1. Of 13/240; 36/60; 13/60; 36/67; 60/242, which ones are farther than 19 Å apart at the Cα?
2. Just 196, 132, 143 to compare: in a GNM of the chain, with alpha carbon springs under 10 Å, which one fluctuates most?
3. If I compute solvent accessible area with a 1.4 Å probe over the protein chains, what percent of it on region 53-168 is carbon and sulfur?
4. Loop only per DSSP, at most 11 neighbouring Cβ atoms within 10 Å: give me the trypsin sites (Lys or Arg not before Pro) in region 1-78, ordered by residue number.
5. Each label point is 7 Å from the Cα along the Cα-to-Cβ direction; what then is the distance between the points at residue 49 and residue 85, in nm?
6. Quick one: Kirkwood hydrodynamic radius for region 125-226, alpha-carbon pairs, angstrom, one decimal?
7. Can you give the Rg to Rh ratio of region 81-145, both from alpha-carbon atoms, with Rh computed by the Kirkwood formula?
8. So how far apart, in nm, are the two label points at residue 59 and residue 201 if each is 7 Å from Cα heading toward Cβ?
Amino acid sequence: MILTVDIGNTRIKGAVFEGNTQIDTFFFTKIDFQKKIENILKTHQKITDLVVASVGNVKKEPFLTFKKELNVHFISHEDPFPFSNDYETPLTLGIDRMVLAAGATFQFPDQNRLVIDAGTCVTFDFIDDTNRYHGGAIAPGLRLRYESLHNFTAKLPLLTLESPKDLIGNSTSESIHSGVVNGLVYEIDGFIDEYRARYSNFIIILTGGDTDFLAKRLKNTIFANSNFLLESLNQTFQYKIKND
Ligand SMILES: Nc1ncnc2c1ncn2[C@@H]1O[C@H](COP(=O)(O)OP(=O)(O)OP(=O)(O)O)[C@@H](O)[C@H]1O
Ligand SMILES: CC(C)(CO)[C@@H](O)C(=O)NCCC(=O)O
Ligand SMILES: [K+]
């Protein structure tokens, strides 16, 4: 059994896999994750490997303490990935984006794929049908948009995510919800339309913390899977074992 851990910029998520089957999922905070991992290891005593992918600012040391009981792996740029990388700065490419691109390559072979991760940031990643990774885009995520409006103005309140009642916001709150939510939905649909103008055929995977909220609002057909990064991390690790 494998415990995968995804350290994002906001949250830490984990999943236990037996082969390709996900048997448990967890959310941690930056403070409690060590204790929580200990509990997971008690619950699932067959876990042999801990696989970590991090873009967040959590230190490696707490994970290394598990080396007594487990094999601990940090997925990095040096690991084997199932695509060729056309990014001009491959060493600054987020490891989460590389893992997502790997997952898209494994789960949707021989086709053009666009992965959209709606987390702290919204990232777009494009891998073509010859398994070349091109790159994509990085934009602020939903919560970041609400926070930015509040943090960089004098008068705008900090709101929590809510569905706008209409296109035309008729109050300060409704204007903000429309700007943030409708804005991101149009942005994503607009990006997809532009990709379609270049590549007539591609599949779209939507993942990240805002998957479910966004999926039902997009006009384009997408595969919505909020666990895609953790699944991809498991597959990237299997691929590493096979190719090392
Ligand atoms: N409990 C939660 N805490 C924070 N954000 C949440 C929570 N539940 C849902 N969200 C939504 O998820 C988004 C953040 O996504 P996610 O948790 O995937 O980010 P992350 O951990 O920073 O990952 P990444 O760095 O890979 O984007 C926010 O925009 C927010 O609206
Ligand atoms: C864009 C984020 C923050 C998304 O989690 C992460 O992938 C990252 O820190 N990337 C580094 C920059 C890049 O991907 O080119
Ligand atoms: K993200």
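The values are calculated or read from the model by the stated rules, or taken from the named source; none is laboratory data. Since the structure is predicted, the reported quantities are computational estimates derived from the model, not experimental observations. Note: ideal-geometry Cβ built from the backbone for every residue, glycine included; neighbour counts use all protein chains shown. Only protein heavy atoms, including side chains, enter the accessible area calculation; ligands, DNA and RNA are left aside. Shrake-Rupley method; radii C 1.70, N 1.55, O 1.52, S 1.80 Å.
1. Values: 13/240 21 Å; 36/60 16 Å; 13/60 16 Å; 36/67 16 Å; 60/242 25 Å.
Among 13/240; 36/60; 13/60; 36/67; 60/242, the Cα-Cα distance tops 19 Å for 13/240; 60/242.
2. Taking springs between Cα atoms under 10 Å, the residue moving most is 196.
3. 55 percent
4. Answer by residue number: 46, 59, 60.
5. So the two model labels end up 1.9 nm from each other.
6. 15.1 Å
7. Working: Rg = 11.6 Å, Rh = 11.9 Å.
Result for region 81-145 is an Rg/Rh of 0.98.
8. According to this spin-label approximation, the distance is 5.2 nm.
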